[in-house]
């Protein structure tokens, strides 16, 4: 608008020509919801159900403590003799799956940071239950409700949900998380598989049956494009936290067993036995669900390549092996579900390559639009970035001047990510379009009622999930 000049002189007016820019939002900020040793910033329990952003394991330990010590580890020292002399001495530590602590949040954070994780949110729903105490689905739901009020998180996971006693409680929790994602449209669920009474930590588990249970009763049929599931569990190199005073030690010599008390008592009585017994505990694999490691991989891939790169064919750090190994035929049934499309992404070992993530599908595995994780997360990324950027145009005149600025802003942003490889097409017009204006996306009534409608279309890059090499004989020509 021209200024009403009254005094003779030279006046400067700056005319804005460039459209405003869209700042890309963060794409891999997970929210870990579960039980912690403590939840304290200053006063006891002042962080209960209050999401806190942290950036390192040290911060987690400061506010939420460490792992719950295992109290039912047993040590067996087996000695065999020949001609009165010791022939062999073997130290073995065991911990039954049923006797393990159900609280694995600390171990989950270790795997998250080891695999490339960065900033994240912790929602403590309560302090540890006594060993053997059941997790409470309503308490975990309260943590989910708390994170709904925080805008920044883009991933949701419950590291301990697999330890819920009932698969129906697990299903309710995951369905609520998927519903929250559908409602807010700015986050995605990474879930583990609950196989009902089939442990995913045992090599004897029937994986096919566990996956079937998960599909039938472990997750519903709504909002599947907002989540992905992974299986099986992973044997990790993490060390158990344990209580030496309750760790029992048994000495067996030539088949005759005797009780040596607890591990703490060996410090003074037999330091050799003590050190070797501790080493045996360290050698025990700590089996964990894969969701926390996958959250770290999502963050690492996003930082290295971009949210449009599928988080697959990537090695998992800190893993010895998957708890269950399976063949291509068995993975066929995990990857493609003809009935409901509930794909479960496999984690498999490969000779010379380590343990790799070998799947990139959402739970909506039969949906051509939202089959792949990276496509769903790319749209979340663009939608949220554009949403935040266009808020500056609230209550601006709904006319051609504003439409041109909004269109230019969106096109510039999409051109940048197209150049980075997020969109498919040899030219920008092949990769995306942005449309806004009267007679294009709006009617006169829309303008009268205050609506400015912007339509954005994108040709997202999809992963090469199946690579087919075709060979044939060629006749000799010379």
Suppose only helical runs count, i.e. DSSP H with n ≥ 4. What mean residue ellipticity at 222 nm does that imply for the chain under -39500 (n - 2.57) per run, divided by all residues and rounded to the nearest 500 deg cm²/dmol? -9000 deg cm²/dmol
May I ask for the angle, rounded to the nearest 10°, between helix 271-283 and the longest principal axis of the chain, with both axes built from Cα atoms and the value confined to 0 to 90°? 40 degrees
Here P(r) for region 313-423, Cα-Cα distances in 10 Å bins, as whole percents, is 12, 27, 25, 18, 12, 5, 0
Want the number for residue 46 to residue 166: 0.36 nm per residue separation, take away the alpha-carbon distance, what's left? 40.2 nm
Cα-based Rg and Dmax for region 399-478, where Dmax is the largest Cα-Cα distance (Å): 21.0, 76
Note on region 344-478: alpha-carbon gyration tensor, axes a ≥ b ≥ c; rule is a/c under 1.5 for rounded, else prolate if a/b larger than b/c, else oblate; result prolate
Sorted from fewest to most neighbouring beta carbons within 10 Å, what does the list 381, 393, 350, 113 look like? 350, 393, 113, 381
Where labels lie 7 Å past Cα in the beta-carbon direction, separation of residue 14 and residue 282 in nm: 6.2 nm
So for R0 = 51 Å, FRET eff. of residue 272-residue 330 from the Cβ-Cβ r, to 0.05, ends up at 0.65
Treating the angle as unsigned and between 0 and 90°, give the value, to the nearest 10°, between the Cα long axis of helix 291-304 and the longest Cα principal axis of the chain. 40 degrees
Using the Kirkwood formula over every pair of different C-alpha atoms, what hydrodynamic radius in Å results for region 195-348? 18.7 Å
Just to be sure I understand the model, the point goes 7 Å from the Cα along the line to the Cβ. What's the resulting residue 23 to residue 304 distance in nm? 2.8 nm
Degrees, to the nearest 10: 373-390 long Cα axis against longest axis of the chain: 50 degrees
Exposure proxy order (Cβ contacts within 10 Å, fewest to most) of 348, 41: 41, 348
Please order 473, 103 by the number of other Cβ within 10 Å, starting at the fewest. 473, 103
Using 0.36 nm times the number of residues separating residue 404 and residue 426, minus their current alpha carbon distance, what extension gain do you get? 5.5 nm
What shape does region 106-244 have by the C-alpha gyration tensor, where a ≥ b ≥ c are the square roots of the eigenvalues, rounded means a/c under 1.5, and otherwise prolate means a/b greater than b/c and oblate the rest? rounded
Rh (Kirkwood; distinct C-alpha pairs) - region 1-156, Å: 20.3 Å
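Rule-based calculations on the coordinates, nothing more; no lab input. Note that the structure is a prediction, hence the values are computed from the model and not measured. Backbone-built Cβ (ideal geometry, glycine too); neighbour counts: all protein chains shown.
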